Structures are given as structure tokens and as C-alpha cells.
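Trainee: Have a look at this one before I ask anything.
Where a number appears in this text, it was derived from the coordinates with a stated rule and is not lab data. Nothing here was measured: the structure is a model prediction, and the numbers come from that model. All Cβ positions, even for glycine, are placed from backbone atoms using ideal geometry, and neighbour counts span all protein chains on display.
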Amino acid sequence: MKRVSLTQYLVEEQRQHNTIPAELRLLIEVVARACKTISHSVGKGALGEVLGTAETENIQGEVQKKLDIISNEILLEANEWGGHLAAMASEEMESIHPIPNRYPKGEYMLLFDPLDGSSNIDVNVSIGTIFSVLKAPEGMAQPTEADFMQAGTRQVAAGYAVYGPQTMLVLTTGNGVNCFTLDREMGSWVLTQRDIQIPATTKEFAINMSNQRHWHAPVQRYISELLAGDTGPRGTNFNMRWIASMVADVHRILNRGGIFMYPADTRDTSMPGKLRLMYEANPMAFIVEQAGGAATDGKQRIMDIQPHKLHQRVPVFLGSRDEVAVVTGYHTEG
């Protein structure tokens, strides 16, 4: 079987569907190269002295791991000089990162969560990088946060890398979802799955059950029905899977179905959810929808949400289409 590299895939996709201009291809290749570097640091672990906390907090008020900071720097430095970006935004930084004046500017904007699931770093469980690409608004001079306030439907590309037993890159440019595996000996990304499709029905769900007492009524109802098994109203035995790394949980769902949930709860009513719309929910929703799944905040399609701030949080329900429809229906009934 002929091996297809990431670059060959992107070039052929442009020829066939005219969806990946040269500048976007270069951007994706640079992000993929940065993910390769992050994978190398993750793989070294204690040998590279990258484990443990950095004793600093990010803009979210979360204690940063050393690898959070390293991964953020790798992505910033890799993407600054290429000429394909106008600005970047990271979950780890308070505001946007304009491209320095010494470098040429491009027409795209990149958002990323440099290391998702960082609570799993020190215990050698799969973690990952999530990214989203937007077009800069027409006539934009000096980029501002307002330029990033675009609904998820405006994304031109999104993807994630998962650093597990294999390092994989999952990518969409709006024409299906494909997966590339890092050949560590050759140092290249090789196409290993084409046109991934999430099964519409499932018997698996992913949620942090320790928060059950805080959930709102629609989620309480939905989960209680799943837990009731084949003698309950759903008439099916469901299994729960929870890795506490969104990348790893979504990757499993992408490959064998399931529903991932991180709902709002009663602990802090000023915080409508835990996951960030721009860095996690939107890119994952784009990928999941392109794979035939669905993604909502319980009431509306995630990619239709109009952002109003850079670090906006939202509830998330995504994965197999039929189950997302059920739990979303319970929210809209109320």
C-alpha cells in the first residue's frame, strides 16, 4: 500500500476540492511540525525534566505544568515567522499574540490549547494539542481580540494531536476528517485513516461522574436513564469511559462512537461551563460534525454560538448524533 504523507494529502486535496490554498497548507504543516516537537518532549517525560508544575498560573487561574509552558512556546515560536498568520491566541495566555513586526503577516489566525489534559502528564496517560484556524477579517490592520470573535462555522481548519502509544494528528479542512500517524523513525506524518465516520448510535458515554450531585435536571435525567441499563427506559446497557483528557476521549469517540459531556452545573452559576469555546469546543465540534456526529451546548449547535470573549466557556455535548439529540432534547424541553 502506497504511503501518503501529510504534505501529499494537502496538495491533492487542494487539486481535487480547492479547499486548501498554499498559505493554509503551510500553516497546517507548521502546526503539525510543532506537534511533532511537543510529542518528542512528552515522550521524554522525566528524562527531559519536563514533568511537574511550573508554580505559575495561567489566565484561567489554573496551575501550569512545565509541559504546558513548553508546548505553548513551541507553538508560538514555530508559527511566528512563516508569514501565513496575522495573530495567534492560546488558552495559556491572557490576550492575543500578534505576529512581531519583523515578520511578514498572513491572512489566517490560529487558536490553540497547547496541551489538553495536562492533569494526566505526570501519570503517563494520553494528552494532546487542539487547534483552530480562522480567516482574518477583510481589511484588518492591527489585529485585536474582536477579530477573533467569529462563530465556529467560520473555521477553515481544525485538528488535534494525541500523544499516546502512537502520536496521531486528526485534521479537517471542511471536507471530512482524516488521521495521520507519526512515523517516529522517518519523522513524517503518514495518512492512516480516511474519511472517519462516527457511528450514529452508541452504548458508551464519557462524563465526570464525581460531579453528579451538581448537575442540572436534564443531565441528571439523561445519565440516570443510561445507568438504568436494559431494564430502564432506554432498554440498553451503557458503558462509561472517562480519561479526563478531552483529546483522548474525543479520539475514542471518533473511532468507535460515544457521547462526551462536560455540562454546566450548580457550583458556580457565573461560569456557564468548563471547556473553552474558542480553543476546545469549536475545533472539536468542527471535527465531530465533519465525521457525521453532532455537538451542542445543550440548547444550540456549538458552532453557531457567537463568541463575546476570548476565554469564553460553554457546556459541551458531542459525539454520536442520536445520543446528542436525546440529551439536547431534554434541555430544550425545560
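Trainee: At a temperature of 25 °C and a viscosity of 0.890 mPa s, determine how fast the chain diffuses translationally according to Stokes-Einstein, using the Kirkwood radius over alpha-carbon pairs as Rh; express D in µm²/s, rounded to the nearest whole number. Intermediate results must be reported in sequence, preceding the final value.
Mentor: Values: Rh = 20.3 Å.
Estimated diffusion coefficient is 121 µm²/s.
Trainee: Please name whichever of Thr231, Ile259, Gly273 sits farthest to the positive end of the charge dipole of region 204-333, dipole taken about the Cα centre and charges placed at Cβ: Lys and Arg +1, Asp and Glu -1.
Mentor: Going by the charge dipole, the pick is Gly273.
Trainee: Between Ser126, Ser210, Ser39, where does the largest GNM mean-square fluctuation fall for the chain, given springs only between Cα atoms within less than 10 Å?
Mentor: Ser210
Trainee: For a Förster distance of 30 Å, can you work out the FRET efficiency between the beta-carbons of Lys44 and Ser95, rounded to the nearest 0.05?
Mentor: Computed FRET efficiency for Lys44 and Ser95: 0.45.
Trainee: Averaged over every viewing direction, what's the projected area of the C-alpha convex hull for region 6-193? Give it in nm², one decimal, please.
Mentor: 11.2 nm²
Trainee: Hey, another quick one. Using the alpha-carbon centroid of each, what span in Å lies between region 132-172 and region 279-297?
Mentor: Going from one Cα centre to the other spans 13 Å.
Trainee: Which residue, Arg154, Arg33, Arg102, has the most motion in a Gaussian network model of the chain that connects Cα atoms within less than 10 Å?
Mentor: Comparing Arg154, Arg33, Arg102 in a Gaussian network model of the chain, the most mobile one is Arg102.
Trainee: While we're on this one: Can you list the equivalent-ellipsoid semi-axes of region 245-334, largest first and in whole Å, using the square root of 5 times each Cα gyration tensor eigenvalue?
Mentor: Values for region 245-334, descending: 19, 15, 12 Å.
Trainee: Please say if region 138-255 is rounded, prolate or oblate, where rounded means a/c under 1.5 for a ≥ b ≥ c the square roots of the C-alpha gyration tensor eigenvalues, and otherwise the choice is prolate for a/b larger than b/c and oblate otherwise?
Mentor: On the way: a/c = 2.35, a/b = 1.43, b/c = 1.64.
Since a/c reaches 1.5 but b/c is at least a/b, the shape of region 138-255 is classed as oblate.
Trainee: Within 10 Å, count the other beta carbons around each residue, average over each peptide in 292-298, 310-316, and list them highest first.
Mentor: Result, highest mean Cβ count within 10 Å first: 292-298, 310-316.
Trainee: Continuing with this model, one more query. Output the Cα-based Rg and Dmax of region 218-267 in Å, rounding Rg to one decimal and Dmax to a whole number.
Mentor: Answer for region 218-267, Rg first and Dmax second: 12.4, 33 Å.
Trainee: Would you please put 8-21, 155-168 in order of how densely packed they are, using the mean number of other Cβ atoms within 10 angstrom per residue and starting with the highest?
Mentor: Ranked from most to least packed, the peptides come out as 155-168, 8-21.
Trainee: OK, next. Order these peptides, 82-94, 225-237, by their mean beta-carbon neighbour count within 10 angstrom, highest first.
Mentor: 82-94, 225-237
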